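To keep things clear, I will list the structure first and then write my remarks on it.
The values are calculated or read from the model by the stated rules, or taken from the named source; none is laboratory data. Because the structure is predicted, anything quoted here is derived from the model rather than measured. With ideal geometry, Cβ positions are generated from the backbone for all residues, glycine too; neighbour counts draw on all protein chains shown.
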Amino acid sequence: MISMIWHEIKHIINENKMIFILSVLAFTCACVAINVTLTNYSVTRTEQTAAEESYADKGIYKLVLDGGTEVYQRIFSENYIDNIKTAFEQLKSDPLFEYRYNAENLIDFFSISDSSYGENDFPPYKNEFLYGYETGESAVYDYYLTLKAFYVDNLFKDEPNVSLSVGEWFTDEDFYVNNSNNIILPAILGSGYAGLYEIGDKIYNAHLGTKDEVTLTVTGFLKEDSYFYDNNNDKKILNRYIIVPAVETTYHEHDDFTKAAYDGFKMTNTRIVFPKDDEEIVVARVYEILNQNKLYEFGLFNETGGWTERLAHNKNATITSLIISAFVVTLLFAIFCVQTYYKLLKNKKKYSILIMSGMTKAQLFLIIIIETLAVFLMSTVCFYILYKITYSNPHIDMGLSHYTFFVIPAIQVILLCFMGIFGCYKTNEINLSSTLREHE
């Protein structure tokens, strides 16, 4: 049987080379079309879920700073600290909307006062958390370690998909620092830290974007796979994050910690959340606060409207690619069926001899589909080579949905089964004696 299959493959390559190559190219294009459709569907579904979980029936605007580095450095210089501080406090306390400023950042661990502080003195979770970190989000050097963190606002505890397995949330007092000496802040750890720390443990020599050393006190642990959507509407699973309060200062000294407390993440990439019916009032109020504090470079971006347009575009793209894929698959289905019938008519004598020689239904089924099976295998190889070539090019990247690994093989199996069963059924209708006499 193996020698027969090998003979059949050589016959295909030698006698029907052009048809075989065209069939491979056609099904490769079908694989690309199916993959694009599934990728569009997957992206649309993910973004629709994100939109529903992130803002649901709320309106959301993002506060953005127009201008380049020069504008940013000027606005967040010492000359504007009081303006930024006043504007932030007004935005945060305004009853018309919620002002959200959860920001992802890194916490550095090193000691300015102790030059001998090094790798052996790092927090004991170093080795566990280096493994599995995404590229660029953690680093160990000879004298300091960085780990992922979120600086969160006082509304973070109300996030629907974030909850504690043990411990307590931050209190209102935890969000204020009275002076920059001996700063001690609470910290809630992701579920990945369970077993490495206990409630009440201290984590020393932490730096939250300043040269001032901060001591963190563990006050709780998050449930496994807790997540929320950050100010860029990206889903963040918090298992490997340290959660600390985005602190404010109660004093007005223009020191390093005060500047850091009111740095850009509290005034840029923030979210202003409000009932949709209040949109005009909210926009007018935000601009009033900004203008009062001479922060004219700040503007508002309608995130809800942008996401609505994006979702509509993605849905249209998915429907269009689905129609194209359905047409291509239907056309291929017809082509392969016609090809199978033509092959059956062309090889009636061979099949008749094989049947009279005692070939089983399973063996006949395999012989009938062997050409199409070779086409599918070669098309799959070509598709993945094409994917690898385009993977690193953002302009022509096809993407690759996890659905692709199931849908394309499923289509291949359905086609093969139909064609094999159809071929076997038609061979039963062959009059063996008449066929052999016709070819004498």
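Given the structure, is Gly200 in the same structural domain as Thr268 (by TED's automatic domain parsing) and either more than 20 Å from Glu168 (Cβ to Cβ) or assigned to a loop (DSSP other than H, G, I, E, B) (or both)?
On the way: in the same structural domain as Thr268 (by TED's automatic domain parsing): yes; either more than 20 Å from Glu168 (Cβ to Cβ) or assigned to a loop (DSSP other than H, G, I, E, B) (or both): yes.
Taking the combined requirement at face value, the residue satisfies it.
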Val64, sole failed condition from (1) β-branched (Val, Ile, Thr); (2) at pLDDT 85 or above; (3) in the same structural domain as Ala410 (by TED's automatic domain parsing): (3)
Among residues of the range 36-53, those that are charged (D, E, K, R), modelled with pLDDT of 80 or more and in contact with a Lys or Arg (Cβ under 9 Å, 6 or more places away or on another chain), counted: 0
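So which of Thr268, Thr258, Thr249 is within 19 Å of Phe76 (Cβ to Cβ), within 30 Å of the chain's Cα centre (by Cα) and β-branched (Val, Ile, Thr)?
On the way: Thr258 fails: within 30 Å of the chain's Cα centre (by Cα); Thr249 fails: within 30 Å of the chain's Cα centre (by Cα).
It is Thr268.
If you take the residues in the range 46-68 that are touching a helix residue (DSSP H, G or I) at 6+ places or on another chain (Cβ under 9 Å) and assigned to a helix (DSSP H, G or I), which one is farthest from Lys266 (Cα to Cα)? Please lay out each step first, then the result.
Just the residues of the range 46-68 that are touching a helix residue (DSSP H, G or I) at 6+ places or on another chain (Cβ under 9 Å), to begin with: 47-48, 50-51, 54-55, 57-63, 65, 67.
If we keep only those that are assigned to a helix (DSSP H, G or I) too, we end up with 47-48, 50-51, 54.
On the way: Glu47: 25, Gln48: 27, Ala50: 23, Ala51: 23, Ser54: 19 Å.
Looking at residues that are touching a helix residue (DSSP H, G or I) at 6+ places or on another chain (Cβ under 9 Å) and assigned to a helix (DSSP H, G or I), I get Gln48.
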Residue selected from the range 359-411 under the condition in a helix (DSSP H, G or I) and more than 30 Å from Gln339 (Cα to Cα), by the criterion modelled with the lowest pLDDT: Tyr391
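Going by the structure shown, is Val32 assigned to a helix (DSSP H, G or I), within 26 Å of the chain's Cα centre (by Cα) and outside the structural domain of Phe175 (by TED's automatic domain parsing)?
yes
May I ask you to list the residues in the range 258-307 that are aliphatic (A, V, I, L, M), assigned to a helix (DSSP H, G or I) and at pLDDT below 90? Write out each step before concluding.
Filtering the range 258-307 down to residues aliphatic (A, V, I, L, M) leaves 260-261, 267, 272-273, 281-284, 286, 289-290, 295, 300.
Next, only the ones that are assigned to a helix (DSSP H, G or I) stay: 260-261, 281-284, 286, 289-290.
Those that are aliphatic (A, V, I, L, M), assigned to a helix (DSSP H, G or I) and at pLDDT below 90: Ala260, Ala261.
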Qualifying residue in the range 249-269 (condition: surrounded by fewer than 13 Cβ atoms within 10 Å (Cβ to Cβ), of a type in the set (Asp, Glu) and over 22 Å from Thr215 (Cβ atoms)): no
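With respect to Thr318, determine if the residue is touching a residue at least 40 places away in the same chain (Cβ under 8 Å), in contact with a strand residue (DSSP E or B) (Cβ under 6 Å, 6 or more places away or on another chain) and not in a strand (DSSP E or B). Explain how you work it out, then say what you get.
Values: touching a residue at least 40 places away in the same chain (Cβ under 8 Å): yes; in contact with a strand residue (DSSP E or B) (Cβ under 6 Å, 6 or more places away or on another chain): no; not in a strand (DSSP E or B): yes.
No.
If we keep just the residues of the range 77-120 that are acidic (Asp, Glu) and part of a loop (DSSP other than H, G, I, E, B), which is modelled with the highest pLDDT?
Taking the range 77-120 and keeping what is acidic (Asp, Glu), we get 78, 82, 89, 94, 98, 104, 108, 114, 119.
If we keep only those that are part of a loop (DSSP other than H, G, I, E, B) too, we end up with 94, 114.
Details: Asp94: 94, Asp114: 80.
If we take residues in the range 77-120 being acidic (Asp, Glu) and part of a loop (DSSP other than H, G, I, E, B), then Asp94 is modelled with the highest pLDDT.
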